[in-house]
Amino acid sequence: MTSPRPEQSTPPQQQYADRSFRSPAAMAGGGLLLLLALWLGGDALLRGTAHTRLTALFALLLGVPLVFAFTLRPAVRAGADLLTVRNPFRTITLPWGAVEDLRAAFSSEVFTSDGKYQMWAIPVSLRQRKKATRQATRGAAKARFGGGADAPAPRATADQALDELREIKERAKDRESAKGEPRVRWAYPVIAPSVVGVIGLAVMLAL
């Protein structure tokens, strides 16, 4: 008679995948601006005089990192334990236990006991919010007068994103691994070339 094999416990799988938020409009605009800057700057570098080439080089060192920082870099990533907010010049890592509130009035913001941080990757469109409000009002009036069943009220994109973030925060509120202090890191690869570009451009324009 063979003895029963011991059961092997499998580690619990993550129930929810990480969520990422970025602004498609900002990314598209940033890509076009970078292409334009590289085209104009490249032409000046290839065909210009020595003074023009140096001026174009410093202008690119200033402009390209700034365009990247404000359009392509911003992102918000919501994991099971951490909320990571990547803004133009800083990356803020927030354990969910340190997050006190999430709001979207004129901009999307996350609040902690130490202050608040703006989430550049989730822009607030007041026009989109007003449109959603009008659609919800029309839908409620139609349902009230027998025009059909109640449909889900439309929500602006920023409000939908914050609803999702609040749900993730609620799931993590009692998890020990979601506790800790906020951490802030500066984006020196963006800041350093911009500073060099400002100084160099000022010198070249003064000559």
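Out of (1) within 16 Å of the chain's Cα centre (by Cα); (2) modelled with pLDDT under 95, what's the single condition that is false for Arg77?
The one condition Arg77 does not meet is (2).
In the set Ala75, Ala26, which member is within 23 Å of Ser125 (Cβ to Cβ), among the hydrophobic types (A, V, I, L, M, F, W, C) and in contact with a strand residue (DSSP E or B) (Cβ under 8 Å, 6 or more places away or on another chain)?
Ala75
Which of the residues belonging to region 26-58 are small (Gly, Ala, Ser), under 28 Å from Asp159 (Cα atoms) and free of Cβ contacts under 8 Å to residues at least 24 places away in the same chain?
Answer for region 26-58, where residues must be small (Gly, Ala, Ser), under 28 Å from Asp159 (Cα atoms) and free of Cβ contacts under 8 Å to residues at least 24 places away in the same chain: just Ala28.
Can you tell which of Arg171, Arg175, Arg155 is surrounded by 12 or more Cβ atoms within 10 Å (Cβ to Cβ), more than 27 Å from Pro65 (Cα to Cα) and modelled with pLDDT under 80?
Arg155
Name the pairs: first residue in region 174-190 and more than 18 Å from Arg86 (Cβ to Cβ), second residue acidic (Asp, Glu), Cβ to Cβ under 8 Å, at least 6 apart or on different chains?
Between residues of region 174-190 that are more than 18 Å from Arg86 (Cβ to Cβ) and residues that are acidic (Asp, Glu), the close pairs are Arg175/Asp81; Ser177/Asp81; Ala178/Asp81.
Inside region 15-56, can you point out the residues that are open to solvent by 30 Å² or more (accessible area, probe 1.4 Å) and among the aromatic types (Phe, Trp, Tyr)?
The answer is Tyr16, Trp39.
Residue check: is Leu36 over 16 Å from the mean Cα position of the chain (by Cα) and either at pLDDT 95 or above or under 30 Å from Glu176 (Cβ atoms) (or both)?
Taking the combined requirement at face value, the residue satisfies it.
For Arg144, are the conditions met, namely being at pLDDT 85 or above and either open to solvent by 90 Å² or more (accessible area, probe 1.4 Å) or among the charged types (D, E, K, R) (or both)?
Here the answer is no, as Arg144 does not meet what is asked.
When only residues in region 66-85 that are in contact with a Pro (Cβ under 7 Å, 6 or more places away or on another chain) and outside any helix (DSSP H, G or I) count, which is least open to solvent (accessible area, probe 1.4 Å)?
Checked region 66-85; the qualifying residue least open to solvent (accessible area, probe 1.4 Å) is Pro74.
Could you list, in sequence order, all residues of region 32-50 that are assigned to a helix (DSSP H, G or I), touching a helix residue (DSSP H, G or I) at 6+ places or on another chain (Cβ under 7 Å) and of a type outside the set (A, V, I, L, M, F, W, C)?
Passing the criteria: only Gly41.
The values are calculated or read from the model by the stated rules, or taken from the named source; none is laboratory data. Everything numeric in this text was worked out from a predicted model, so none of it was measured. In this analysis, Cβ positions are derived from the backbone assuming ideal geometry, glycine residues included, and neighbour counts consider all displayed protein chains. Please note that ligands, DNA and RNA were not included when accessible areas were found on the heavy atoms of the full protein model with its side chains. Shrake-Rupley method; radii C 1.70, N 1.55, O 1.52, S 1.80 Å.
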